[in-house]
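Written out below as structure tokens is the structure these notes cover.
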Amino acid sequence: MAFILFVGACSLFVAYRFSQSPGSGQDGQQSPQTTDAHCNQNLLQYVYNPGRLRILNPCVSVTGIVEEVRKEADGDIHIRLRLDQQFASLLNEKNISSQQGDLILEPICQGKVRQPDAEEPCSQYNGPYFEPVVGQRYLVWGAFAKVYQNKEL
């Protein structure tokens, strides 16, 4: 399964948009610093079927350019984010083979829910909303998870 950053599971969700590169560090790139204060783990209660997730890091930040945005039946937005080079180690084989080398962002409960098992979790959601723009660079943070199709972790 591909690695996913659940932006909706964390408080940033209203991502920052950069008009220029995020700064320079030792190799011309700077890794954004994230603390647990950036992420709100209470928002995980709005994730339908949370048993399919293994949270690998409860709060991680990345930068990259949005390549595709798709609305999902569960109310989430499926975002393919082309990561900046310093974050490439977050990708696995499935990100490369099935997601065109992009990290998947899943802001939760962002639109109309058409999937029955997602209706209840999203019905109480009143958190932040995010409308990403294809081609725009963002800094996002959230829970970094591996998603399983079945409950075998």
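Every number in this text was worked out from the coordinates using simple rules, so none of it is lab data. Just so you know, these numbers come straight off a predicted model, no measurement behind them. Every residue, glycine among them, receives a Cβ derived from its backbone with ideal geometry; neighbour counts consider all protein chains shown.
Maximal additional length on extending the Val133-Asp117 stretch stands at 2.9 nm, based on 0.36 nm per residue less the C-alpha distance.
Extension gain for Val147-Gln45 works out to 35.1 nm (0.36 nm per residue, less the C-alpha to C-alpha distance).
Between Ser98 and Leu56, the contour length at 0.36 nm per residue exceeds the alpha carbon distance by 13.1 nm.
Among residues other than Arg80 whose Cβ falls under 9 Å from its Cβ, what is the net charge (Lys/Arg +1, Asp/Glu -1)? Cβ neighbours under 9 Å give a net charge of -1.
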